[in-house]
Amino acid sequence: MPKVKSKKFGYDRAKNASSSAASASTARAMAPLFKKELGQHILKNPLIAQNIVEKVAAGLKCTDVVLEVGPGTGNLTTRILERAKKVVAVELDPRLAAELAKRVQGKPEQRRLDIMVGDVIKTDLPFFDVCISNTPYQISSPLIFKLLAHRPLFRCAVLMFQREFALRLIAKPGDDLYCRLSVNTQLYAKVDHIMKIGKNNFKPPPQVDSSVVRIEPRNPPPPIDFKEWDGLMRIVFVRKNKTLAANFKTTSVLDIIENNYKTFCSANEMMIESNFSIKEKVMSVLKSVGFADSRAAKLDVDDFLKHVHNFFW
């Protein structure tokens, strides 16, 4: 008697495959796929989200307007809304902005949430008292300086960054991670490390751990032309462990300084001596302020501020 071939097994397998595909499709419809190219890593641990709001932002007042950068699906936003007067959430991804809007739809919090869809770096920010952000790694540095340039000054910012970037912000002279970013940030703000957050607390998990820092702008800010200051920092931190004299002796640096000096003299109707040497002028200035043998890696913000005007003649 010939064997009877049953189609049951094949039918069940096809049915299961169809069911799995339907489940996956439903999951995608209910939860948007995160875009790694936008640095989307959503904080999924509710305890950490609550800790950030309750302990880190313990000074949050019921009258505060909070700027949240990169709210994602709103795990932090909903907790901030419980304490603040208003939240202005800036989200680049329209899909996530729609998810956040749905989350508060029909609730009292809806009236206190203002969602701005767009690039925070290119957006004119409204007034805010506090900024809280799970910061996409691509905009970490631009966001810092956009916030510090914002007027009127805000009270504080609680920002989450990739751990190494956060450690650069708080690094002190002599630390391996001490760099131009450290000095420029600490010029305008007091920066404190608050907590470390493991990568498994995010969805999808990033490749590295994160850290939360608290930034309090210095009020009033130092009366410094930032472009001139940053120009100086770019020179001295190219080789931060070399002496400042060695950094300023390079041909490329001397050429830039000479062109700038001649432009300055022309604008101010100052004569330049026929035997003028930019190298001798630079070395003279460095020696007069006692910086010729100093190294940027060992100098703090106050050291640079003491003599910054001498560098620009």
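The values are calculated or read from the model by the stated rules, or taken from the named source; none is laboratory data. As the structure is a computational prediction, the values presented were derived from the model and not from experiment. Glycine also receives a Cβ, built like all others from the backbone with ideal geometry; neighbour counts cover every protein chain displayed. We work out accessible area using only protein heavy atoms, side chains counted, and drop any ligands, DNA or RNA first. Shrake-Rupley method; radii C 1.70, N 1.55, O 1.52, S 1.80 Å.
For this structure, a couple of remarks:
- Compared with the direct C-alpha span, the chain from GLU228 to ALA245 gains 4.3 nm at full extension, assuming 0.36 nm per residue.
- Given R0 = 45 Å, the distance between the Cβ atoms of GLU54 and GLN138 translates into a calculated FRET efficiency of 0.95.
- Per residue accessible area in Å² of the stretch 215-276, where ligands, DNA and RNA are left out and the probe is 1.4 Å: 66
- Neighbourhood net charge (12 Å Cβ-Cβ; Lys/Arg +1, Asp/Glu -1) for VAL66: +2
- Inter-part distance where the stretch 114-144 and the stretch 203-231 are each reduced to a Cα centre, Å: 13
- Where GluC sites (Glu not before Pro) fall in DSSP loop in the stretch 248-299, at most 12 other Cβ within 10 Å: GLU269, GLU273
- Distance violations [Cα-Cα > 23 Å] among LYS85/LYS107; LYS146/LYS227; LYS85/LYS122: LYS85/LYS122
- The stretch 152-261 - Debye-derived log10 I(q)/I(0), Cα point model, q = 0.16, 0.22, 0.23 Å⁻¹: -0.85, -1.17, -1.21
- With viscosity 0.890 mPa s and temperature 25 °C, the Kirkwood radius over alpha carbon pairs of the stretch 90-217 converts through Stokes-Einstein to a diffusion coefficient of 153 µm²/s.
- Tail weight of P(r) past 16 Å, computed on alpha-carbon pairs of the stretch 207-313, percent: 65
- Take the Kirkwood radius over Cα pairs of the stretch 207-260, plug it into Stokes-Einstein at 20 °C and 1.002 mPa s, and you get 151 µm²/s for translational diffusion.
- Of the chymotrypsin sites (Phe, Trp or Tyr not before Pro) found in the stretch 47-138, those in coil by DSSP whose Cβ has at most 11 other Cβ atoms within 10 Å are PHE127.
- Carbon and sulfur %, accessible surface of the stretch 44-123 computed with the full protein complex present, 1.4 Å: 52
- Ranked by the mean number of other Cβ atoms within 10 Å of their residues, highest first, the peptides 91-97, 75-81, 174-180 fall in the order 75-81, 91-97, 174-180.
- Share of carbon and sulfur in the accessible heavy-atom surface of the stretch 147-292 [1.4 Å probe, %]: 49
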